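Trainee: Sending over a structure as structure tokens; questions will come in a sec.
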Amino acid sequence: MSKYKPELEHVSRNCWDVYASAADRKALAACADGYMRFLSVCKTERETVDYILAAAKAAGFSEQLGAKSKAYARVQRGKTILLARRGRRPLGEGFRLIGAHVDTPRIDLKQHPLYEDSDLGLMKTHYYGGIRKYQWLARELALHGVVVKKDGSVVKVMVGEDLGDPVLTITDLLPHLAQKQVEQKVSDAFEAEKLNAVVAHEPSGAGDTKRLKDKDRVKGRVLELLHRRYGITESDLFSAELQLVPAGPARNVGLDSSMIGGYGHDDRSCVFAALEALLAEKTPEHTQFALFWDKEEIGSEGATGAQSLFFEYAVQDILDAWSPKDRLPEVFRRGMAISADVNAAVDPDHLDVFEKRNAAYMGYGPCFNKFTGHRGKVGANDAHPEYVAYLRGILDKAGVPWQMAELGKVDLGGGGTVAKFLAVYGMDVIDMGPAVLSMHSPFEVLGKADLYATVLAFRAFFKS
Ligand code: MN
Ligand code: MN
């Protein structure tokens, strides 16, 4: 019998053990603090793109593209952005791309939102992305978005973030009257058409006896308020994108403050990590792209989603400016990409939905998903083992802890990302990101050590 050889076995490393030195802990805390500030002010795709553009410009990126430019930013409709940092080698030798998404599940207002019922002013909604509806009831919601007037002027709306601001809320049924509801299936008990936000209560012209018989006085007063504050009328709401999001800043979670609770770790943790990594690497070997998409949560559709031709057109323009002799198909074929997106962390209250040997654990660093998709890998990008081996080598060399997992038990569900829309060009691409708890809820939970390891992993990839 040969002797047991422990070195042959794979052992996952806990990030807190890896980053235990005082210097590492200081950097880890600074990273978490920066991320919490970012997460607290970036709640919509537009706000996130504005933030990224401002940070990139401060770091020397320009929206002008030329033969001599080194750092280029291109925005698509205010909701998708590409940052490109020129490498020493020509584009024909490939690039390093990290793509993440800036949109997050939320509750949008309908285009005919405002009405009055039972002396309450209300707004109709249509949720965006995969939400568990009951999680959005009886809590503080902020209203973010834009209203575009017929003259083309854009009115920005943000109500509910300052402590002095009012918030909106969607009411829930009291337990005393929920006897019938609690026996229903969850899918039947919560209807989208009951997700109506309470926005007002005081009638217009209060105290004026001549107006007592007027109809919809509460709605009327809301319109007066909107007109006074924003100069808009009810028909301006047709050309608006208004979103209800959880109000308030990101918070420390745990008695040890080892985690961050907030709205939109999916996928703004990856957005933040990719941006940090890109801005840290000033003179790369290969050209670097950081690509931040909208519409991932609803299938990457539309002019700002990953299925659009935005990226392809942008790379063609960059190629024409920086490396006109290289051909686009070759650039794409030699490209390497990370589809940066979060994974589901094993939840001790729901162990039954995970296959523990192939699940992601909080604390063990960013997680590779070789494939996504659902039940039989349907709809999956399946990263090539040659590429997985290459990336393993990079991360191990950089000393960054990482893990390999898939999303939940095979028969239970699954999910998709933008990876397959990059893979169509022939480039190497794999999904990777930190594992979070309560994904798609108004208060997702992310480990600070995982965030830090993700930033370092992305830096190592960009540098490779
Ligand atoms: Mn995601
Ligand atoms: Mn998602």
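Computed from the coordinates by the stated procedures, all read-outs in this text should not be read as laboratory data. Because the structure is predicted, anything quoted here is derived from the model rather than measured. Positions of Cβ are backbone-derived with ideal geometry, glycine not excepted, and every protein chain shown enters the neighbour counts.
Trainee: Using +1 on the beta carbon of Lys and Arg, -1 on that of Asp and Glu, and nothing else charged, what's the dipole of segment 319-449 about the Cα centre, debye to 20? Walk me through the numbers before you get to the answer.
Mentor: Details: 14 positive and 16 negative charges, 67 e Å.
Its charge dipole is roughly 320 debye.
Trainee: Along segment 81-90, what does the Karplus equation 6.51 cos²θ - 1.76 cosθ + 1.60 (θ = phi - 60°) give for ³J(HN,Hα), rounded to whole Hz, x for Gly and Pro?
Mentor: 9, 10, 10, 10, 10, 5, x, 5, 7, x
Trainee: Under 14 Å from the Cβ of V424, count the other residues' Cβ atoms, weight Lys and Arg +1, Asp and Glu -1, and hand me the total.
Mentor: Values: positive: R333, K420; negative: E312, D382, D428.
In short, -1.
Trainee: Hey, another quick one. Provide L65, L319 in ascending order of the number of other Cβ atoms located within 10 Å of each residue's Cβ, fewest first. Walk me through the intermediate numbers first.
Mentor: On the way: L65 16, L319 20.
So the ranking, lowest neighbour count to highest, is L65, L319.
Trainee: What percent does the relative contact order of the chain come to when contacts are Cα pairs within less than 8 Å and at least six residues apart?
Mentor: Computed value for the chain: 23 percent relative contact order.
Trainee: Would you mind estimating how fast the chain diffuses translationally, via Stokes-Einstein at 37 °C and 0.692 mPa s with the Kirkwood radius over Cα pairs, in µm²/s?
Mentor: Details: Rh = 23.8 Å.
Diffusion coefficient, whole number: 138 µm²/s.
Trainee: So what's the net charge close to D326: Lys and Arg +1, Asp and Glu -1, counting the other residues with Cβ under 15 Å from its Cβ?
Mentor: Numbers: positive: R86, R88, R89, K325, R327, R333, R334; negative: E93, E312, D317, D320, E330.
Within the 15 Å Cβ shell, the charges total +2.
Trainee: Sticking with this one: Give or take rounding to whole Å, what are the principal axis extents of the alpha carbon atoms in segment 169-283, in descending order?
Mentor: 71, 46, 29
Trainee: Taking the Cα centre of segment 106-246 as the origin, how large is its charge dipole in debye, to the nearest 20, when only Lys and Arg (+1) and Asp and Glu (-1) carry charge on their Cβ atoms?
Mentor: In total the dipole reaches around 200 debye.
Trainee: Can you pull the Kirkwood radius for segment 23-158, inverse mean 1/r over Cα pairs, to one decimal in Å?
Mentor: Here the Kirkwood hydrodynamic radius works out to 18.7 Å.
Trainee: If I stretch the segment between D349 and V155 completely, what's the gain in nm (0.36 nm per residue apart, minus their alpha carbon distance), one decimal? Walk me through the numbers before you get to the answer.
Mentor: Values: separation 194, 0.36 × 194 = 69.84 nm, distance 4.39 nm.
Length difference between fully extended and current span is 65.5 nm.
Trainee: Taking the Cβ of V315 as the centre, find all other residues whose Cβ is under 11 Å away and add up their charges (Lys, Arg: +1; Asp, Glu: -1).
Mentor: On the way: positive: R74; negative: E312, D317, D320, D326.
Cβ neighbours under 11 Å give a net charge of -3.
Trainee: If you put +1 on each Lys and Arg Cβ and -1 on each Asp and Glu Cβ, how big is the dipole of the chain around its Cα centre, in Debye rounded to 20? Write down the numbers at each step before the final one.
Mentor: Working: 60 positive and 62 negative charges, 220 e Å.
Using only the charged Cβ atoms, the result is roughly 1060 debye.
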